[in-house]
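Novice: First the structure, then my questions, so here it is.
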Amino acid sequence: MTHPIVGEELELLERVLRALAERPPFAGPSEEPIVRDLERIRELLVSGQESKDRTLLLDQWQQGTALLAQLRRSRSAPRVERSSPYFAHLRLREGDRERDLCLGKATCTEGGVRVVDWRNAPVSRVFYRYQQGEFYEEEFGGRRVEGEVRARRSVTIRAGTLHRVDAPEGTFERRGPDAADWSHREQGPRLQGGEGVAIRAHRMGNGSERRLGTDPSGAKHRADKRLPEIAGLLDPTQFELISRVAPGLLVVRGSAGSGKTTVTLHRIAYLAYEDRRIDAPRTLFLTFSPALRDYVRHVLPALGVTRVQLSTFEEWAAAQRSRVLPRLPRTHRDDTPAAVRRAKLHPALADALEAHVRRSPGPRRWEQVVDDWASALTDPDLLARCFARFEAGMGPGALAELHDWSRRRVDEVWGWLEGDREAGVGLDPEDDALLLRAWQLRVGPLLADRRPLAYRHLAIDEVQDFSPIELRVVLETAAEPRSVTLAGDTQQQIALDTGFRSWDALFDSLGLEEVQTTTLRISYRSSPEIMRFALEVLGPLREDEEPAHAARTGPPVELFEFTDHGACVAHVADALQRLSSEEPLASVAVLTPSAAMSRLYHEGLQHSEVPRVRRVVDHGFSFAPGIEVAEVEQAKGLEFDYVVLVDVSRASYPAEPRFRRLLHVGATRAIHQLWVMSAGEPSPLVSEPRRAL
């Protein structure tokens, strides 16, 4: 026997489809008269008219083109489709009258049915702000309306067939072609049980009054007394890496959540305990991500380390370049072609720069440094020879684009140095590393306070997103004997234009022979369910057949398919409202593939009155309980109790290397639970299986 709720939804869908079938085809007014008028006006303008007639004609031209554009926009506006006309159903009681209202991605109020666009119709606020059984009071069109939500349901309709109903009474799913064959679960999927489950080796805000080596328990003779706050949370491999004080270059590899950043930060703290001079600006922690830099800025003081210099490479390189070459433009361009950026980060360009300096004697002056940079970028024969030595080089077209772009930009820079302060003159962001490398090759060490810049300890995280030339510039600032920690995971490489190909290739390009490399094999962040999903997403890019050993299990990863973003927003909003009430200290990330999608979901969640929702712009995470909406790239290096990946569709995540890694990064931000949401056809990276991944 069909459940009454399913019966009601089947009957409603039949009425809507019948009304849509009876609707006359939409043609809209013809644009032919407007086009004829515009052609006549254009002929008069071309033929030449008196100035007063010409002004009148121009006004008519502007009015006509505006009317034509409006007509064409109306034709391209979304229409209610029979295949999936709506995704939500409200039954509202206002006084003695009840009415049914459907939410979709377009509006149709014909034939006795009401389908409204969830993004624009004011009445949609009732669905997103109120639950079934609640009384509402809203203002629509200047009129105060009161009523009760009698029914509030989400539905999934595909090819004109009802497949699923989500209601407070439970979840109903069609099991086969028979309209009466439905399953019923009293409770649908939930986000729950994850607040504070992260096994973190550092707690922000704790320990700020203590330095490593103190023992709050009063025990004076314990073997690990130098690290009482974290010893119980570290495995033997991590502890051995942290406590390694011998100089040299240490490489820490490992999958997401294996503790690479934890080891890097605690190694700084351990070294600072051994030598208090380490806690000073002459220790540098460098990362690719501004968000991770800000996170570390919270963490290190909790370890008793307060004076270490923290920076992204872009910030650090710009500051160093301004120090040694202060006369160059300080602004960066934002219109650099992708092929040019890729070429400037390629190891071949570093070779071209070195080859030019070797063959071109010159004074050890800043003017010669700029000349070296300019000459290497604008010598087509030198560039062709250097790039030809690499299997993954650049084609003739890309090299021609690099040469042409560089020649024009170099001319602008020379003009700037000669006093022509033309607006818009700036360097490409990648030029900072090239200019600093040219300084090192021509003049010698970079300078700080007129003395060689020499860091007592260098720690570089997210190494896979640096280019070899960027790393070479930084590594040459290490004091002798060098003390360096490099941490990274090639599976999380999302900056694919950096020239980083593999660890071995990197070591070869940097001329590194004796490198101590350790791979961390235990995941302290994500559950095995999340790690298995993340590895499946990588496909052929995965480096390990089996996921890293996880410290604890968790709920399955789930993939939810919706026909529209409005339905997805509603589902996520309901789950987050419940979670915010049950777990007020939980951290949640809603991660999207684009800024436009972040705006859509942020506005939708705010519209739904989900508490403590923040839109992250320019990596500005709050590191506080609540819900952060951001693009996946911004969350790199961070972790959250819950992660919801939205718009994981074929269009947003095609089966290409960059998107495999991007989705892998997004998934591995989750500590306890991961949801994957798709509006439309899911990405081929996650399309099998459909649920309980």
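Novice: Regarding segment 641-659, can at least one residue be identified that is open to solvent by less than 10 Å² (accessible area, probe 1.4 Å), hydrophobic (A, V, I, L, M, F, W, C) and assigned to a loop (DSSP other than H, G, I, E, B)?
Specialist: yes
Novice: From Leu605, Leu663, grab the single residue that is within 16 Å of the chain's Cα centre (by Cα) and either touching a residue at least 12 places away in the same chain (Cβ under 8 Å) or part of a loop (DSSP other than H, G, I, E, B) (or both). Even if it seems obvious, please write down each step before you answer.
Specialist: Values: Leu605 fails: within 16 Å of the chain's Cα centre (by Cα).
Answer to the check: Leu663.
Novice: Identify, by number, the condition in (1) surrounded by fewer than 15 Cβ atoms within 10 Å (Cβ to Cβ); (2) touching a residue at least 12 places away in the same chain (Cβ under 8 Å) that Val590 doesn't meet.
Specialist: (1)
Novice: Ok, one more. Can we say Ala433 is part of a helix (DSSP H, G or I), of a type outside the set (Ser, Thr, Tyr) and open to solvent by less than 10 Å² (accessible area, probe 1.4 Å)? Before you say what the answer is, go through the steps one by one.
Specialist: On the way: part of a helix (DSSP H, G or I): yes; of a type outside the set (Ser, Thr, Tyr): yes; open to solvent by less than 10 Å² (accessible area, probe 1.4 Å): yes.
So Ala433 passes the test.
Table: residues versus (1) farther than 16 Å from Ala343 by Cβ; (2) charged (D, E, K, R).
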{"site": "Ser360", "(1), (2)": "yes, no"}
{"site": "Val370", "(1), (2)": "yes, no"}
{"site": "Thr378", "(1), (2)": "no, no"}
{"site": "Phe387", "(1), (2)": "no, no"}
{"site": "Arg408", "(1), (2)": "no, yes"}
{"site": "Arg421", "(1), (2)": "yes, yes"}
{"site": "Asp428", "(1), (2)": "no, yes"}
{"site": "Leu436", "(1), (2)": "yes, no"}
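Novice: Any residue in segment 622-642 that's closer than 15 Å to Val588 by Cβ: show its pairings with residues that are in a helix (DSSP H, G or I) and of a type in the set (Asp, Glu) at Cβ separation under 9 Å, as long as the two are six or more apart or on different chains.
Specialist: Here the result reads Phe623/Asp294, each pair linking segment 622-642 to a residue that is in a helix (DSSP H, G or I) and of a type in the set (Asp, Glu).
Novice: What's the number of the condition Asp504 fails, among (1) among the charged types (D, E, K, R); (2) in contact (Cβ under 8 Å) with a residue 60 or more places away in the chain; (3) part of a helix (DSSP H, G or I)?
Specialist: (2)
Novice: List the helices (runs of 4 or more DSSP H) that sit entirely inside segment 338-423 and contain at least 3 residues that are of a type in the set (Phe, Trp, Tyr) and out of contact with any Gly (no Cβ under 8 Å at 6 or more places or on another chain). It would help to see each step written out before you state the result.
Specialist: Details: elements: 338-345, 347-359, 366-377, 380-388, 396-417.
Qualifying helices (runs of 4 or more DSSP H): 396-417.
Novice: Of all residues in segment 289-339 being surrounded by fewer than 22 Cβ atoms within 10 Å (Cβ to Cβ), among the polar types (S, T, N, Q) and farther than 30 Å from Phe640 by Cα, which is modelled with the highest pLDDT?
Specialist: Ser322
Each row is one residue, and each column tells you yes or no for (1) closer than 21 Å to Ser608 by Cβ; (2) in contact with a Leu (Cβ under 6 Å, 6 or more places away or on another chain).
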{"position": "His89", "(1), (2)": "yes, no"}
{"position": "Leu103", "(1), (2)": "yes, no"}
{"position": "Ala106", "(1), (2)": "yes, no"}
{"position": "Asp117", "(1), (2)": "yes, no"}
{"position": "Asn120", "(1), (2)": "yes, no"}
{"position": "Tyr128", "(1), (2)": "yes, no"}
{"position": "Ala151", "(1), (2)": "yes, no"}
{"position": "Ala159", "(1), (2)": "no, no"}
{"position": "Leu162", "(1), (2)": "no, yes"}
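Novice: Then there's this: In the set Arg282, Arg277, Arg267, which member is crowded, with 22+ Cβ neighbours inside 10 Å, modelled with pLDDT of 90 or more and charged (D, E, K, R)? Walk me through how you get there before you give the answer.
Specialist: On the way: Arg282 fails: crowded, with 22+ Cβ neighbours inside 10 Å; Arg277 fails: crowded, with 22+ Cβ neighbours inside 10 Å.
It is Arg267.
Novice: Among what's in segment 85-130 and is in a loop (DSSP other than H, G, I, E, B), open to solvent by less than 40 Å² (accessible area, probe 1.4 Å) and under 16 Å from Arg23 (Cα atoms), pick the residue that is modelled with the lowest pLDDT.
Specialist: Checked segment 85-130; the qualifying residue modelled with the lowest pLDDT is Val113.
Novice: In segment 8-59, which residues are open to solvent by 100 Å² or more (accessible area, probe 1.4 Å), over 30 Å from Tyr86 (Cβ atoms) and either modelled with pLDDT of 75 or more or part of a helix (DSSP H, G or I) (or both)?
Specialist: Of segment 8-59, the ones open to solvent by 100 Å² or more (accessible area, probe 1.4 Å) are 14, 18, 22, 25-26, 32, 36, 40, 42-43, 46, 50, 52.
Filter once more, keeping what is over 30 Å from Tyr86 (Cβ atoms): 32, 36, 40, 42-43, 46, 50, 52.
Scanning segment 8-59 gives Glu32, Arg36, Arg40, Arg42, Glu43, Val46, Lys52.
Novice: Give segment 255-295 a look and list any residue that's within 31 Å of the chain's Cα centre (by Cα), in a helix (DSSP H, G or I) and over 30 Å from Glu631 (Cβ atoms), or say none. Let's see the steps before the verdict.
Specialist: Here is the first cut: in segment 255-295, the ones within 31 Å of the chain's Cα centre (by Cα) are 255-269, 281, 283-295.
Retained after the next criterion (residues that are in a helix (DSSP H, G or I)): 260-269, 290-295.
Those that are within 31 Å of the chain's Cα centre (by Cα), in a helix (DSSP H, G or I) and over 30 Å from Glu631 (Cβ atoms): Arg267, Ala269.
Novice: Let me ask something additional. Can you spot a residue in segment 555-565 that is touching a residue at least 40 places away in the same chain (Cβ under 8 Å), assigned to a helix (DSSP H, G or I) and not aromatic (Phe, Trp, Tyr)?
Specialist: Step one: list which residues in segment 555-565 are touching a residue at least 40 places away in the same chain (Cβ under 8 Å), which gives 555-565.
If we keep only those that are assigned to a helix (DSSP H, G or I) as well, we get 565.
Applying the additional criterion that residues be not aromatic (Phe, Trp, Tyr) yields 565.
The answer is yes; a qualifying residue exists.
Novice: If Arg542 passes every condition in (1) open to solvent by less than 50 Å² (accessible area, probe 1.4 Å); (2) under 25 Å from Pro657 (Cβ atoms); (3) in contact with a helix residue (DSSP H, G or I) (Cβ under 6 Å, 6 or more places away or on another chain) but one, which one does it miss?
Specialist: (1)
Novice: Residues of segment 468-489 being out of contact with any strand residue (DSSP E or B) (no Cβ under 7 Å at 6 or more places or on another chain) and either at pLDDT below 90 or part of a strand (DSSP E or B) (or both), which ones?
Specialist: Selection gives Pro468 alone.
Novice: Moving to a separate point now. From the list Arg365, Arg358, pick out the single residue that is without any contact (Cβ under 8 Å) to a residue 40 or more places away in the chain and out of contact with any Asp or Glu (no Cβ under 7 Å at 6 or more places or on another chain). I'd like the intermediate steps shown before the answer.
Specialist: On the way: Arg365 fails: without any contact (Cβ under 8 Å) to a residue 40 or more places away in the chain.
Being without any contact (Cβ under 8 Å) to a residue 40 or more places away in the chain and out of contact with any Asp or Glu (no Cβ under 7 Å at 6 or more places or on another chain) holds for just one of Arg365, Arg358, which is Arg358.
Novice: Right, here's the next one. Given the structure, is Ala398 open to solvent by 30 Å² or more (accessible area, probe 1.4 Å) and at pLDDT below 95?
Specialist: Working: open to solvent by 30 Å² or more (accessible area, probe 1.4 Å): no; at pLDDT below 95: yes.
Spelling it out, it is not the case that Ala398 is open to solvent by 30 Å² or more (accessible area, probe 1.4 Å) and at pLDDT below 95.
The values are calculated or read from the model by the stated rules, or taken from the named source; none is laboratory data. As the structure is a computational prediction, the values presented were derived from the model and not from experiment. No Cβ is skipped: glycine too gets one built from the backbone with ideal geometry, and neighbour counts run over all protein chains shown. The accessibility values were calculated without ligands, DNA or RNA, using every heavy atom of the protein model including side chains. Shrake-Rupley method; radii C 1.70, N 1.55, O 1.52, S 1.80 Å.
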